[in-house]
Amino acid sequence: MTDLVSELIDKDGQKAFARTREIASASEFSDEYYGYLDIFAYLLSHKKSYIRTRAFILCCS
């Protein structure tokens with residue numbers, strides 16, 4: 001599991017959502033995280049709804 005994924009599924013929800021916002025903001029100006037789209041899509045089927053929500057936000061970004 002990559003560091004990015006572990007940050008997104010971190011048990012500390014505030015920390016994980018802060019990272020999600022950071023990635024989403026960066027994605028407005030760069031395609032730096034485009035290579036992770038498959039991982040974000042995979043997380044859409046995670047058992048926890050918070051993680052699915054983060055993944056959805058990132059897929060949309």
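The values are calculated or read from the model by the stated rules, or taken from the named source; none is laboratory data. Quick caveat: nothing in here was measured; it's all calculated off a predicted structure. Heads up, the Cβs are rebuilt from the backbone with ideal geometry, glycines too, and the neighbour counts pull from every protein chain shown.
How many of the residues in the range 15-33 are touching a helix residue (DSSP H, G or I) at 6+ places or on another chain (Cβ under 8 Å) and not charged (D, E, K, R)?
Final tally of qualifying residues: 7.
When you scan the range 33-56, do you find a residue that is touching a Phe, Trp or Tyr at 6+ places or on another chain (Cβ under 8 Å), in contact (Cβ under 8 Å) with a residue 40 or more places away in the chain and assigned to a helix (DSSP H, G or I), even just one?
yes
When the residues of the range 1-32 are filtered to those that are of a type in the set (D, E, K, R) and part of a helix (DSSP H, G or I), which remaining residue is modelled with the lowest pLDDT?
ASP3
Do you know which residues across the range 15-46 are β-branched (Val, Ile, Thr) and exposed (fewer than 14 other Cβ atoms within 10 Å of the Cβ)?
none
Got a sec? Which of ASP3, ASP10 is charged (D, E, K, R), without any contact (Cβ under 8 Å) to a residue 24 or more places away in the chain and surrounded by fewer than 13 Cβ atoms within 10 Å (Cβ to Cβ)?
ASP3
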